[in-house]
Amino acid sequence: MRRRHVLQSAAASVASLAVPSFAQSWPARPIKLVVPFPAGSSPDLIARLIAEPLGQALAQTIVIDNRPGAGGNLGTGVVAKAEPDGYTLLFTIQGPLVTAPLLSKSLNYDPLKELAPVSLVATSPNVLVVDPKLGAATLADFVRIAKEKKGQLNYGSVGNGSAAHLAMELFKTRSGLDIVHVPYQGFPQVVNAILAGQVQAGFMVPGIAMGQVRAGKLRALGVTTLGRAASLPELPTFAEQGYPGFEAISWQAVLAPAKTPKPIVERVSRELVRIIKSDEVRSKMLGQYFSAAGTAPEGLAGLMVSERDRWAKVIKAAGVQPE
């Protein structure tokens with residue numbers, strides 16, 4: 001028994017030394033950054049913005065691997081099941097990490113157990129836009145008109161459980177609105193639906209909304225950050241317009257498969273934080289309506305848990321059913 005104990009202790013000691021040794025030699029080959037959305041999408045653009053400087057910092061090539069499908073769940077699941085060797089990373093939005101486990105019956109991964117948070121990269125407000133023909137110049141106007149036309153107005157989103165869907169459901173609980181949800185495949189389809197008069201409103205990311213707003217085709221009524229958004233300082237918040245504490249931001253983050261050696265996770269996080277907080281990257285993100293974040297792994301982990309708890313309450317209150 002004593003000999004077995006000694007051998008087990010020796011094996012454990014060797015194993016404990018293996019991770020730092022491996023981490024010191026890493027990376028020895030290109031690193032794959034999986035983006036579970038199409039090329040040209042908002043997550044793809046931000047991922048490419050950080051990929052080159054991260055590759056330079058690590059002295060290795062960062063290869064963007066677009067794996068779209070199932071609202072980001074497909075590619076996220078690929079990373080969750082990948083070898084935790086530091087050569088596969090994930091760049092995704094909050095949906096596959098926060099709301100998908102609450103709304104998808106077929107999800108094949110658990111983000112809290114199978115993914116290791118690395119860093120929060122960027123945040124963005126959502127913008128409530130309406131059809132100018134509705135006659136709503138302010139948020140108060142929109143609420144008044146929607147109540148006058150109870151159950152007659154529609155709003156578009158990019159799918160059940162999407163950030164755009166849940167933001168409106170949260171607002172409905174705060175304002176007492178009765179407005180009908182109509183899901184579409186993507187934001188361009190939502191824009192077209194508003195322009196065609198099929199729906200009258202919707203929450204959108206600024207990168208999609210503001211071009212149409214500045215062209216006079218849509219009207220922006222407010223942003224969903226607690227304070228005015230640095231990228232859209234001209235737009236009032238919901239809090240300023242009578243809904244204190246109303247917040248429904250979009251965010252993007254980098255994660256790794258669970259059990260990726262901690263020294264590797266911490267190194268990538270440090271490099272990312274330095275890159276994200278650089279003036280050049282911050283400026284470029286702002287140009288895409290994003291605010292640079294940059295957090296330690298613990299910061300992202302805490303955000304994932306708090307966001308899941310918060311949106312679980314919204315989903316329950318709104319009666320949104322899993323699919």
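The values are calculated or read from the model by the stated rules, or taken from the named source; none is laboratory data. Quantities reported herein were computed from a predicted structural model and do not represent experimental measurements. Glycine gets a Cβ as well: all are built from the backbone with ideal geometry, and neighbour counts include every protein chain shown.
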Flagged in region 29-59 as touching a strand residue (DSSP E or B) at 6+ places or on another chain (Cβ under 6 Å) and over 30 Å from SER157 (Cα atoms), in numbering order, are PRO30, ILE31, LYS32, LEU54, GLY55
Checked against (1) farther than 19 Å from ALA122 by Cα; (2) in the same structural domain as GLY95 (by TED's automatic domain parsing); (3) out of contact with any Pro (no Cβ under 8 Å at 6 or more places or on another chain), PRO236 satisfies every condition except (2)
Confirm whether GLY186 is under 27 Å from the mean Cα position of the chain (by Cα) and either on the phi > 0 side of the Ramachandran plot or basic (Lys, Arg) (or both).
no
Looking across region 257-308 at residues that are touching a residue at least 40 places away in the same chain (Cβ under 8 Å) and basic (Lys, Arg), the single one that is nearest to ALA209 (Cα to Cα) is LYS284
Flagged pairs (Cβ under 9 angstrom, 6 or more apart or on separate chains; first in region 115-136, free of Cβ contacts under 8 Å to residues at least 12 places away in the same chain; second not in a strand (DSSP E or B)) are GLY135/ASP141; GLY135/ILE145
Restricting attention to region 157-198, the residues that are closer than 21 Å to LYS313 by Cβ and in contact with a helix residue (DSSP H, G or I) (Cβ under 8 Å, 6 or more places away or on another chain) number exactly 18
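I'd like to know if region 26-36 contains one or more residues that are more than 23 Å from ALA293 (Cβ to Cβ) and of a type in the set (Gly, Ala, Ser). Give the steps one after another, and end with the answer.
In the first step, residues of region 26-36 are kept if they are more than 23 Å from ALA293 (Cβ to Cβ); the result is 26-30.
In the following step, the residues that additionally are of a type in the set (Gly, Ala, Ser) were identified as 28.
Taking every residue of region 26-36 in turn, at least one turns out to be more than 23 Å from ALA293 (Cβ to Cβ) and of a type in the set (Gly, Ala, Ser).
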| message | Looking at the structure I just gave you, is LYS217 touching a residue at least 12 places away in the same chain (Cβ under 8 Å), assigned to a loop (DSSP other than H, G, I, E, B) and either in contact with a strand residue (DSSP E or B) (Cβ under 8 Å, 6 or more places away or on another chain) or β-branched (Val, Ile, Thr) (or both)? | response | no
Counted residues in region 248-264 being modelled with pLDDT of 95 or more, part of a loop (DSSP other than H, G, I, E, B) and surrounded by fewer than 21 Cβ atoms within 10 Å (Cβ to Cβ) come to 3
When every residue in region 67-83 that is surrounded by fewer than 17 Cβ atoms within 10 Å (Cβ to Cβ) and of a type outside the set (Gly, Ala, Ser) is compared, the one nearest to PRO30 (Cα to Cα) is GLU83
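May I ask you to list the residues in region 154-174 that are under 17 Å from ALA239 (Cα atoms) and either buried (at least 18 other Cβ atoms within 10 Å of the Cβ) or charged (D, E, K, R) (or both)?
So the first thing to find is which residues in region 154-174 are under 17 Å from ALA239 (Cα atoms), and the list is 167-174.
Correct list: ALA167, MET168, GLU169, LEU170, PHE171, LYS172, ARG174.
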When every residue in region 97-145 that is surrounded by fewer than 24 Cβ atoms within 10 Å (Cβ to Cβ) and among the hydroxyl-bearing types (Ser, Thr, Tyr) is compared, the one nearest to ARG174 (Cα to Cα) is THR138
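Give the residue, chosen from ALA239, ALA196, that is hydrophobic (A, V, I, L, M, F, W, C) and within 27 Å of THR99 (Cβ to Cβ). Walk me through how you get there before you give the answer.
Numbers: ALA196 fails: within 27 Å of THR99 (Cβ to Cβ).
So the residue among ALA239, ALA196 that is hydrophobic (A, V, I, L, M, F, W, C) and within 27 Å of THR99 (Cβ to Cβ) is ALA239.
Can ASN154 be described as over 19 Å from GLU323 (Cβ atoms), in the same structural domain as LYS217 (by TED's automatic domain parsing) and touching a strand residue (DSSP E or B) at 6+ places or on another chain (Cβ under 7 Å)?
Numbers: over 19 Å from GLU323 (Cβ atoms): yes; in the same structural domain as LYS217 (by TED's automatic domain parsing): yes; touching a strand residue (DSSP E or B) at 6+ places or on another chain (Cβ under 7 Å): yes.
Judged against the criteria, ASN154 is a match.
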Scanning region 145-157 residue by residue, those assigned to a loop (DSSP other than H, G, I, E, B) and touching a residue at least 40 places away in the same chain (Cβ under 8 Å) turn out to be LEU153
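Residue under question is LEU286, and the condition is that it be within 11 Å of LEU120 (Cα to Cα) and surrounded by 14 or more Cβ atoms within 10 Å (Cβ to Cβ); does it hold? Steps first, please.
Working: within 11 Å of LEU120 (Cα to Cα): no; surrounded by 14 or more Cβ atoms within 10 Å (Cβ to Cβ): yes.
For LEU286, the condition - within 11 Å of LEU120 (Cα to Cα) and surrounded by 14 or more Cβ atoms within 10 Å (Cβ to Cβ) - is not met.
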